[in-house]
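Novice: Once you've had a glance at the structure underneath, I'll fire off some questions.
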Amino acid sequence: MEKDTICLLKECDAGTKMAVSSIDEVLDRVQNSDMRKLLAESKSHHEKLCNEIHTQLEQHHSEEKEPGTIAKSMSWMKTNMKLTINEDDSTVADLLTDGCNMGIKSLHKYLNQYQAADHTSKEICNRLVSIEEQLCRDLRCYL
């Protein structure tokens, strides 16, 4: 149970950090003030959950987890290539929607993989899924 709990928390930690990094990467390029506000709020939700995850990891005497270098590099390349071709809010919305969907898929995979994780870590993971799903819904009008 302890091992699954730590593994699930670490994956959620990497996911929140990846989300914050992705939002930071595009935030200055967003033209629409409402969309910029939406992204800033989502970033804040991710950061608050990240802090909660860190507290849980500390209680389990475990380290944080950074997103994978390859995943971050691929995300950076895709973002910059797409925005070089078409730097508008719909491109940003499309990129972030793809990222949210990949995150949601991964988080569900980890929930299935780490079934012995404790209730608190599963609840944190489900909240992260909800944040990602909400951001996806909110970005639809900008696609």
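The values are calculated or read from the model by the stated rules, or taken from the named source; none is laboratory data. The model shown is predicted, which means the values in this text are computed figures rather than measured ones. For neighbour counting, all protein chains shown are included, and Cβ atoms are generated from backbone atoms with ideal geometry for every residue, glycine included. These area figures cover heavy atoms from the full protein model, side chains too; ligands, DNA and RNA do not enter into them. Shrake-Rupley method; radii C 1.70, N 1.55, O 1.52, S 1.80 Å.
Novice: Compute the relative contact order of segment 9-123 as a whole-number percentage, counting only Cα pairs closer than 8 Å that sit 6 or more residues apart in sequence.
Specialist: Working: 75 pairs, mean separation 44.5, N = 115.
Contact order relative to length: 39 percent.
Novice: If you roll a 1.4 Å probe over the heavy atoms of the protein chains, what accessible area per residue do you get for the chain, in Å²? Mind showing how you got there, number by number?
Specialist: On the way: 8030 Å² over 143 residues.
Heavy-atom SASA per residue in the chain reads 56 Å².
Novice: What nm value, rounded to one decimal, do you get for the distance between SER90 and GLN134 when each label is placed 7 Å out toward the C-beta?
Specialist: Between SER90 and GLN134, the simple spin-label model gives 2.8 nm.
Novice: Efficiency by 1/(1 + (r/R0)^6): what FRET value for THR120 and MET74, r their Cβ-Cβ distance, R0 = 35 Å, to the nearest 0.05? Each step should come with its number before you reach the end.
Specialist: Numbers: r = 31 Å, r/R0 = 0.90.
Taking R0 as 35 Å, the efficiency between THR120 and MET74 is 0.65.
Novice: While we're looking at this one, here's another question. Scattering from the C-alpha atoms of segment 86-143 alone, worked out with Debye: what is log10 I(q)/I(0) at q = 0.23, 0.29 1/Å?
Specialist: Here the Debye-derived log intensity ratios amount to -0.83, -1.09.
Novice: Translational diffusion coefficient of the chain at 25 °C, 0.890 mPa s, Stokes-Einstein with Kirkwood Rh over Cα pairs, in µm²/s as a whole number.
Specialist: Estimated via Stokes-Einstein, D reaches 159 µm²/s.
Novice: If you don't mind, another one. I need two numbers for segment 20-69: Rg to one decimal and Dmax as a whole number, Cα atoms only, in Å.
Specialist: Rg and Dmax of segment 20-69, Cα atoms, are 13.9, 43 Å.
Novice: Determine the dipole magnitude for segment 23-143: charges of +1 sit on the beta-carbon of Lys and Arg, -1 on that of Asp and Glu, nothing else is charged, the reference point is the Cα centre, and the result goes in debye to the nearest 20.
Specialist: Dipole magnitude for segment 23-143 comes out near 320 debye.
Novice: Assuming R0 = 22 Å, can you tell me the calculated FRET efficiency for the pair LYS3 and ASN51, based on Cβ-Cβ distance, to the nearest 0.05?
Specialist: Working: r = 23 Å, r/R0 = 1.05.
My answer for the efficiency is 0.45.
Novice: To the nearest 0.05, what FRET efficiency results for HIS61 and ASP28 with a Förster distance of 30 Å applied to their C-beta separation?
Specialist: 0.20
Novice: Rounded to the nearest 10 Å², what accessible area does HIS119 show when all protein chains are kept and the probe is 1.4 Å?
Specialist: The accessible area comes out at roughly 150 Å².
Novice: I would also like to ask the following. Report GLU64's accessible area, 1.4 Å probe, all protein chains in place, as a number in Å² to the nearest 10.
Specialist: 100 Å²
Novice: In whole percent, and with a 1.4 Å probe on the protein chains, what portion of the accessible area of segment 1-119 is carbon and sulfur?
Specialist: 52 percent
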